[in-house]
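Nothing in this text is a laboratory measurement; each read-out follows from the coordinates by a stated rule. These numbers were taken from a predicted model, which means no experiment stands behind them. Note: ideal-geometry Cβ built from the backbone for every residue, glycine included; neighbour counts use all protein chains shown.
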Amino acid sequence: MESVLRALAIYMILLLIFRIAGKRSLAQITTFDFVLLLVIGEATQQALLGNDFSITNSVVIIMTLVLLDIGFSQLQHRFPRMGRLLDDVPVLLVENGRLLQPQANKSRISESDILHAARMSQGLERMEQVKFAVLERTGEISIIPVQQGE
Amino acid sequence: MQRLGDLGIDQDLGFERRQWVVQRGGWTLMVVVIVAAVLGLFGSGPLSSAEVTSADGTLRVEYERFVRREVQHELSVTVAVNAQASGEVELWVDVASLDTMVVDTISPQPTEERIEGERQVFVFAVGDAEQLSVRFDVAREDMGRNRVSLGIVGGSETSYTQVSYP
């Protein structure tokens, strides 16, 4: 049943494309990203189902995709080096209130983005209150605030 | 709410462990299903492609054991045309089975189609060829098991079983 092979191919190709696109493409839900995700869903549907609209085909494809997901997460767990390849590593963006420009530029993150995350997650007001800001593997920015009395 | 040290958490490790066992079992089952699917248990694969020949060997049918509903598949019939033939081959298929299918194309096109009782007869012009190969592109409209009978009018016949998945 070729549907299984098609599901495999689409999964690997999408994985590769989004991996190359970089972290921010998936975490940030701006209008651009929302539209992108919506349209990509439509584009893959035809490739996956083809002419076959039976329940059996749908279920087989879904099972294949879920198994691939489980398989890759198991792989990452057993082989951390592989995990790095598949899922990236965290990047430090702010150290003691100071923005690390090269990393921020390469990651396409502005001071504004970091302040947004600081307000959302910690209720902070200014960059000086941010001890560390990290761009996580998932594309989110995590904020460690300066502790009281530091 | 339990307390684990300072943490108020509704944990139930026994339940978690049983769940993990069930999960692993479920994954194995899914892998088996996918492998079976690739092999053709749900259609389109080596487990599904089959062939049946009439007792005297003049009629050979290549069919799919497993198909999915409303998905087009091929039915191939090869007939050994006997020497004093009238330049025509009359192939019949039982009406009950045909009613469960949508026939998209028949290649080559029959010159005539008629119903004789419980059989639908397709007439093909063969000239002085020794063999006739007919391809039916069909799709099952129903689900479940079907027994299809077919044969040559006044000649040999055979049958096969086909399962259609939802």
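In the protein assembly as shown, helical runs assigned H by DSSP with n ≥ 4 each contribute -39500 (n - 2.57); averaged across all residues and rounded to the nearest 500, the mean residue ellipticity at 222 nm is -12500 deg cm²/dmol. Here's how it looks for residue B:40: its modeled amide H is under 5 Å from those of B:47, which are all 5 or more places away or on a different chain.
In this structure the amide hydrogen of residue B:119, modeled in the peptide plane, comes within under 5 Å of the amide hydrogens of B:95, none closer than 5 places in sequence on its chain.
So what's the convex hull volume per residue for the Cα atoms of the protein assembly as shown, in Å³?
Numbers: hull volume 70.4 nm³, N = 316.
It is 223 Å³ per residue.
Strictly greater than 14 Å: what percent of every Cα pair in segment B:53-103 meets that? Result for the distance tail: 65 percent. In percent, rounded to a whole number, the relative contact order of chain A is 24, using alpha-carbon pairs under 8 Å and six or more apart.
Using the Karplus relation 6.51 cos²θ - 1.76 cosθ + 1.60 with θ = phi - 60°, the per-residue 3J(HN,Hα) values for segment A:97-105 come to x, 10, 6, 8, 4, x, 5, 5, 4 Hz, with x marking Gly and Pro.
Close amide-amide hydrogen proximity is noted between residue B:69 and B:165, each under 5 Å apart and 5 or more residues distant or on a separate chain (H modeled in the peptide plane; Pro and chain starts excluded).
Histogrammed with a bin width of 5 Å, the alpha carbon distances of segment A:21-150 distribute as 2, 9, 14, 15, 15, 13, 12, 8, 6, 4, 2, 1, 0, 0 percent, first bin at zero. Each label point was placed 7 Å from the Cα along the Cα-to-Cβ direction; for residue A:95 and residue A:34 their separation is 3.8 nm.
Basic side chains Lys and Arg get +1 at the Cβ, acidic Asp and Glu get -1 at the Cβ, and with that the dipole of chain A about its Cα centre reaches some 380 debye. Against the empirical curve 2.2 N^0.38 Å, the C-alpha radius of gyration of segment A:37-109 lands at a ratio of 1.72. Taking only alpha carbon atoms, chain B gives an Rg to Rh ratio of 1.33, where Rh is the Kirkwood radius. Note that segment B:21-36 has calculated 3J(HN,Hα) couplings of 5, 4, 4, 4, x, x, 4, 4, 4, 5, 4, 4, 4, 5, 4, 4 Hz, one per residue in order, obtained from phi through the Karplus relation 6.51 cos²θ - 1.76 cosθ + 1.60 (θ = phi - 60°); glycine and proline are x.
With the largest listed first and rounded to whole Å, the semi-axes of the equivalent ellipsoid of segment B:1-85 from the Cα gyration tensor are 58, 11, 7.
Note that segment A:44-61 has calculated 3J(HN,Hα) couplings of 7, 4, 5, 5, 6, 8, x, 9, 9, 9, 6, 4, 4, 4, 4, 4, 4, 5 Hz, one per residue in order, obtained from phi through the Karplus relation 6.51 cos²θ - 1.76 cosθ + 1.60 (θ = phi - 60°); glycine and proline are x. Note on B:31-37: average number of Cβ atoms from other chains within 10 Å of each residue's Cβ is 5. When a/c reaches 1.5 or more, the comparison of a/b and b/c decides; with that in mind, is segment A:82-150 rounded, prolate or oblate per its Cα gyration tensor? Here segment A:82-150 falls in the prolate category.
Could you work out which residue, out of A:125, A:140, A:111, moves most in a Gaussian network model of chain A, that is, has the largest mean-square fluctuation with Cα springs under 10 Å? Looking only at A:125, A:140, A:111, the largest GNM fluctuation is found for A:125.
Gyration tensor analysis over the Cα atoms of segment B:80-135 returns equivalent ellipsoid semi-axes of 22, 13, 9 Å (largest first, whole Å). Springs join every pair of Cα atoms under 10 Å in this Gaussian network model of chain B, and among B:18, B:68, B:135 the largest mean-square fluctuation is at B:18.
If packing is taken as the average count of other Cβ atoms within 10 Å, what order do A:13-21, B:97-105 fall into, highest mean first? Don't skip to the answer; put the middle values down first.
On the way: A:13-21: 11.8, B:97-105: 14.4.
Sorting A:13-21, B:97-105 by mean packing, highest first, produces B:97-105, A:13-21.
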